[in-house]
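Working notes, structure below.
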Amino acid sequence: MTHPLIRRVSLLPALFALLGNGAFAEGKKPNIVFILADDLGYTDVSAYGSKYYETPNIDRLAKEGVKFTSGYTAGPNCQPTRAALLSGQYGPRTGVYTVGNIDRFNWQSRPLRPVDNLASLPLEKTTIAQSLKKAGYATALFGKWHLGESGEAHPSKRGFDEAIVASGKHFNFKTSPETAYPKGTYLADFLTDKAVDFIERHKDGPFFLYLPHYGVHSPLQAKPELVAKFKDKAASGGHKDPVYAAMIASVDESVGRIAAKLDELGLSENTLIVFTSDNGGVGGYQREGIQAKDTTDNAPLRGGKGTLHEGGIRVPYVFRWKGVIPAGSVSETPIISVDLHPSLLELSGAPAPENQPLDGVSYVASLKDPSSTLKRDALFWHFPGYLGSGNDTWRTKPVSVVREGNLKLVENLEDRSLELYDLSSDLSEKNNLATAQPEKAASLLAKLNDWRKDVGAKFPTKNDPSEPAKAGKKGKKKKKSAADDE
């Protein structure tokens, strides 16, 4: 079975006619602003259900554009999602399926040895920034890159005209290249300052701005005045931490400043803003028997960051493009990280990368008509490793997943057991239908097998305790905390 792969996109003239927007009618290429939050959960945004966190600017973005309710990340943690966003490829093709080295967790206690993971995006992969530069775009990145930061792996060598990498801490942070800033500066504010300046200098466009915030990733650090705002606010469900709430508020402030600057410069009708997160929130663990602190709660979704349940991979996805996207729309169409690259190719008229099949599909049509569906069979995930937690509990073990329509099949690779959920009636994934609907489970498993074959997915191998354990390539030390998992 061969899945559709986008190799060349030359639809811009037809798109101009289809959308009829002033910018399109004049043949202008749209500016693109892609804002990525770090570890922000599905319900961590007011527009997605939170009664404690306050996100007026993200909510306004949704009111002025479209909110997707089935937006997914290609991985359950930071690095694989970023690799998929930039390359347009699933993890089996990039070799990036988790964060860092397989020895970060004690896989030696389990029956399988994980597949070795690449800690940076291979240099032969064309990034979306490199693609857009071929269409005449000025490009910039300010924030967390996480795909290799030295030498040729630095984003300044991967298609970004301007690139300042910063993560790790929210105060007293380091940047690459080294960049001066006033003492006491909060990282989200620093990155937003750089982003706003870039927009002002490139207002004549076209430009591509990638703003991958480090917020709301641990350590939990926030501006005192924002913490005070939430200190006495009543908790709602699992949303209760005033410092975490203040961190979300800082990311929200950033979104507001970017949108306001585009409005001020008269660019909003020729600029697409995308806001999303790289994985689910750090929470939902205690209900699963996982020994990890619940910083937040993704309920009604099951689990959180580091799991392949909905709480780990379903995230907020909001788009605004005034005059093109119907204001206040909601789309139930499933989209995923690998869709970004082909979508931006279609919008920009940039050529698709050579010798790099794109696994996603363009969602441009769903932006214009949020009730439309995409021509795609299914979404896929393949995680051939382990993500641990405290007391030898596991957020995930080796697993593959497919979602077709509202049905989601999970194959646990340790014992080949299956889980089947109908997300239309069981968003919390409580009712395993694999035994009750064996034919449907078998059909989805066959589709999953075909996909894994097509993309050359590698599988974990048997861990033989009688043989000396073969360590992975040198990487970071083992970590116990889900929040510390980058």
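The values are calculated or read from the model by the stated rules, or taken from the named source; none is laboratory data. Note that the structure is predicted; figures quoted are calculated from it, not measured. For neighbour counting, all protein chains shown are included, and Cβ atoms are generated from backbone atoms with ideal geometry for every residue, glycine included. These area figures cover heavy atoms from the full protein model, side chains too; ligands, DNA and RNA do not enter into them. Shrake-Rupley method; radii C 1.70, N 1.55, O 1.52, S 1.80 Å.
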Label points 7 Å out from Cα along the Cβ direction at ALA234 and ASP197: separation in nm? 4.5
Please report, to two decimal places, log10 I(q)/I(0) for region 268-363 at q = 0.10, 0.17 Å⁻¹ as given by the Debye formula with identical point scatterers on the Cα atoms and no solvent. -0.39, -0.86
Given contacts defined as C-alpha pairs under 8 Å and at least six residues apart, what's the relative contact order of the chain, whole-number percent? 26
Over the heavy atoms of ASP415, what accessible area does a 1.4 Å probe trace out, to the nearest 10 Å²? 100
What is the spin-label model distance, in nm, from GLU439 to ARG287 if the labels are put 7 Å beyond Cα along the C-beta direction? 3.3
Cα gyration tensor shape for the chain, rounded if a/c is under 1.5, else prolate or oblate: rounded
Under the Karplus relation with 6.51, -1.76 and 1.60 and θ = phi - 60°, whole-Hz ³J(HN,Hα) for region 247-263, x at Gly and Pro, equal 5, 4, 4, 5, 5, 4, 4, 4, 4, x, 5, 5, 4, 5, 5, 5, 5
Taking the chain and counting helices only, DSSP H stretches of n ≥ 4 at -39,500 (n - 2.57) each over all residues, the nearest-500 ellipticity at 222 nm comes to -7000 deg cm²/dmol
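Tell me, what is the per residue accessible area of region 59-123 in Å², probe radius 1.4 Å?
Values: 1550 Å² over 65 residues.
On a per-residue basis, 24 Å².
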HN-Hα couplings for region 60-68 via Karplus (6.51, -1.76, 1.60; θ = phi - 60°), in whole Hz with x for Gly/Pro, come out as 5, 4, 5, 5, 8, x, 10, 10, 8
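Of the beta bridges DSSP finds with both residues in the chain, what % are antiparallel, to the nearest 5?
On the way: 36 of 62 bridges.
Of those bridges, close to 60 percent are antiparallel.
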Net lengthening on full extension, LYS63/SER150 (0.36 nm per residue, minus Cα-Cα): 27.3 nm
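Kindly report the accessible area of region 164-220 per residue (heavy atoms of protein chains, probe 1.4 Å, no ligands, DNA or RNA), in Å². Present the calculation step by step, with values, prior to reporting the outcome.
Details: 2410 Å² over 57 residues.
Value for region 164-220: 42 Å² per residue.
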Packing-wise, with mean Cβ within 10 Å as the measure, how do 79-87, 353-361, 210-218, 434-442 rank, highest first? 79-87, 210-218, 353-361, 434-442
Sticking with the crude label model, points 7 Å out along Cα→Cβ, report the distance from ASN391 to SER417 in nm, one decimal please. 2.0
Kindly write out, for region 340-347 in residue order, the coupling ³J(HN,Hα) from the Karplus curve 6.51 cos²θ - 1.76 cosθ + 1.60 (θ = phi - 60°), rounded to whole Hz, with x marking Gly and Pro. 4, 4, x, 5, 6, 5, 5, 5
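Filter LYS144/LYS447; LYS169/LYS430; LYS293/LYS322; LYS144/LYS261; LYS67/LYS223 down to the pairs with a C-alpha to C-alpha distance above 31 Å, please.
Violating the 31 Å Cα-Cα cut-off are LYS144/LYS447; LYS169/LYS430; LYS293/LYS322.
When the accessible area of the chain is split by element with a 1.4 Å probe, what percent falls to carbon and sulfur? Working shown, then result.
Numbers: 9190 of 18460 Å².
C and S atoms contribute 50 percent here.
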From the cross-link list LYS157/LYS203; LYS63/LYS233; LYS63/LYS157; LYS125/LYS183; LYS51/LYS440; LYS29/LYS194, which pairs have alpha carbons spaced over 27 Å apart? LYS63/LYS157; LYS125/LYS183; LYS51/LYS440
In whole percent, the Cα-Cα distances of region 48-167 spread across 10 Å bins from 0 upward as 12, 32, 32, 20, 5, 0
Can you tell me how region 226-317 classifies by the Cα gyration tensor, rounded, prolate or oblate, using a/c under 1.5 as the rounded cut? oblate
Quick one: Debye curve from the alpha-carbon atoms of region 33-80 only, equal weights, vacuum; give me log10 I(q)/I(0) at q = 0.26, 0.31, 0.32 Å⁻¹ to two decimals. -1.19, -1.36, -1.37
Going by a ≥ b ≥ c, the root eigenvalues of the Cα gyration tensor, does region 117-185 fall in the rounded group (a/c under 1.5), the prolate group (a/b larger than b/c) or the oblate group? oblate
